[in-house]
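Notes follow once the structure below has been shown.
The numbers here are math on the coordinates, done by the rules we state, and not lab data. What you are looking at is a predicted structure, and each value in this text was computed from that prediction instead of being measured. Here the Cβ positions follow ideal geometry from the backbone for every residue, glycine too, while neighbour counts run over all protein chains shown.
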Amino acid sequence: MQQGINSICIVGGGTAGWMAASLLSNVLKGCQIKITVVESPDISTIGVGESTVPSITGFLNTSQIDVKEFIKATSATFKLGIRFDDWYSVDEQYFHPFGHIGRDLNGFDFYQVWLKSLSEGNPASLMDYSVNAEMAKNNRFVFRPKQTKDWVLANSSHALHLDATQVTCFLRDVCLKRGVERVEATVNEVELNEDGFIKQLHTDCQKLISSDFFIDCTGFKALLIEKSLGVSVEEWSQYLPCDRAVTIQTKTDQPPVPYTIAKAQAAGWTWTIPLQHRTGNGYVFSSQYCSDEQAIKTLTDNIQGTMLTEPKIIPFTTGKRKKVWHKNCLALGLAGGFLEPLESTAIHLVYKTLVNFIQHFPDADIGIQNEQLFNKKMDCDYLEIRDFIILHYATAQRTDTDFWRWCKDMPIPDSLDHIISVFKERGELQNVYGDFFTKNSWCAVLEGMHIRPKKYNPLIDGFHQQELANMLMRSVKSIQDTVSTMPLHDEFIRQHCRANMPET
Ligand code: FAD
């Protein structure tokens with residue numbers, strides 16, 4: 001039998017820390033590896049991070065957590081995609097849905113088929129072929145059946161909106177029941193060995209904590225990976241100009257909609273995230289173009305319902321840790337890097353980092369090869385998401401404020417430039433770094449930003465024109481018919497997963 005590591009110490013009890021403990025306590029349950037979480041009673045968690053992508057279900061399954069129990073405990077609602085308001089120009093909206101758009105035809109992408117149909121006068125929009133977009137438009141929701149022959153339902157996919165504070169409480173309870181040790185203390189010194197590996201942590205309660213491996217979940221403080229091991233962040237502010245956010249929670253009497261709203265503003269964008277018991281609101285902005293006072297005013301002017309919290313300012317840096325894994329330390333969550341929250345990808349990156357870590361799990365000697373392979377993968381994951389987020393800013397046609405004029409003129413990474421130019425030619429997608437964002441996602445945003453290819457694949461001309469038109473018409477009708485039978489989103493929640501203790 002190979003010699004493995006015996007202990008893992010997770011420092012930080014925010015979303016990242018407890019996600020790590022939940023997933024590892026399940027995946028490593030046969031390995032007799034002791035898991036400890038050190039969380040400070042004096043340093044609060046960031047308290048945001050409430051919109052997710054569909055991989056949240058993957059995280060829950062891999063951690064063996066019941067989805068409905070999780071929804072009830074975190075006052076979650078369902079998310080079918082993001083509605084982008086005022087991005088291309090003021091008063092224009094588009095939707096980025098999860099799931100598949102349309103039905104591929106004899107091996108051809110649906111998008112190619114739709115492109116051809118436009119030249120023949122098809123009046124239907126790309127979103128008319130997205131079941132998620134239709135569900136969102138009509139405020140409807142059902143789970144996608146585990147197995148179905150119905151292509152409309154099979155095309156659907158969802159994520160969740162959740163209460164960040166309730167998430168950490170719920171995951172902590174799960175972990176404690178599984179035997180994860182919790183130490184309530186603030187780490188005030190990280191002691192290194194001569195080889196630069198972390199030896200032990202000194203805490204304010206005089207307890208020394210040693211471990212074979214450490215996971216830094218201390219948020220933007222990055223106490224282990226940066227302050228002790230000296231691994232810095234590669235900043236991407238030259239492409240992603242927002243560096244601050246202001247947040248406010250509100251009480252709303254309206255039923256929650258099944259999507260996040262991201263509305264472009266003078267110097268950034270505001271989010272609206274509806275939960276069962278309240279709404280999360282925030283304004284992500286660039287401090288170069290907007291003061292905190294202006295940002296608070298913009299947000300308060302945009303919110304609906306009574307304010308439950310005072311405005312809270314959160315400064316952040318957009319970028320990625322140069323090495324997410326270094327020696328015997330993994331940086332997870334905000335300590336690993338942060339891409340601004342426009343596509344709600346940070347919690348996904350926590351999950352993805354853990355999955356990559358498990359695939360390259362270290363032996364007792366913590367060899368360099370696993371670290372290198374892992375870091376290469378993480379680079380790709382971050383760069384793919386970075387490019388997709390930049391796409392939203394770089395293709396905006398707004399010129400009404402200095403912020404948007406800056407975005408219009410900014411140089412974009414070569415990788416993104418390549419994807420856009422290939423797409424513009426014939427609607428093909430050549431992902432440079434990965435395929436987390438599928439063709440459906442790219443097409444939805446590019447179409448929302450009025451970018452259409454010059455041509456389509458000429459072989460589509462081989463399809464019979466009238467048959468194609470009929471097929472497309474039937475597809476729209478099938479989606480509308482299916483969605484019209486679904487319960488309303490809040491009705492579905494009330495029947496299946498109403499929150500345990502709605503908080504106001
Ligand atoms: P934190 O929540 O900051 O937790 C850090 C923990 O470390 C705390 O428990 C603290 O007590 C502990 N700690 C710190 N120092 C010490 C010490 N010395 N000793 C012991 N413990 C210590 N993500 C999404 O997926 N979707 C979103 O919609 C989204 N929106 C966001 C909006 C904004 C404005 C920001 C800034 C982030 C957003 N995120 C979003 C990211 C998301 O908030 C984080 O990825 C997630 O909350 C994980 O945070 P964390 O656990 O890394 O850090």
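Quick look at the numbers
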| quantity | calculated |
| --- | --- |
| Whole-Hz ³J(HN,Hα) from phi, Karplus 6.51 cos²θ - 1.76 cosθ + 1.60, for the stretch 469-482, glycine and proline x | 4, 5, 4, 5, 5, 5, 4, 4, 5, 4, 5, 4, 4, 4 |
| Three-way shape label, the stretch 92-150, alpha-carbon gyration tensor, a/c 1.5 | oblate |
| Karplus-derived HN-Hα couplings along the stretch 123-133 (A = 6.51, B = -1.76, C = 1.60, θ = phi - 60°), whole Hz, x at Gly and Pro | x, 6, 7, 4, 5, 5, 9, 9, 5, 4, 5 |
| Computed [θ] at 222 nm, helices only, for the chain once each DSSP H run of length n ≥ 4 contributes -39500 (n - 2.57) | -10500 deg cm²/dmol |
| Prolate/oblate/rounded label for the stretch 353-504 (Cα gyration tensor, a/c 1.5) | oblate |
| Cα-only Debye scattering, the chain: base-10 log of I(q)/I(0) at q = 0.05 Å⁻¹ | -0.20 |
| At most 11 other Cβ within 10 Å, DSSP loop - GluC sites (Glu not before Pro), the stretch 127-228 | Glu194 |
| Under-5 Å amide H pairs with Leu330, H placed in peptide plane, nonlocal only | Phe214, Ile215, Asp216 |
| For the stretch 244-338, Kirkwood radius (reciprocal of mean inverse C-alpha pair distance, Å) | 14.8 Å |
| Across Lys227/Lys297; Lys68/Lys352; Lys116/Lys439; Lys297/Lys408, pairs whose alpha-carbon gap is larger than 28 Å | Lys227/Lys297 |
| Residue-span extension gain [Gln294 to Leu118] - 0.36 nm each, minus C-alpha spacing | 59.0 nm |
| Part-to-part distance (alpha-carbon centres) for the stretch 383-429 and the stretch 15-36, which is given in Å | 39 Å |
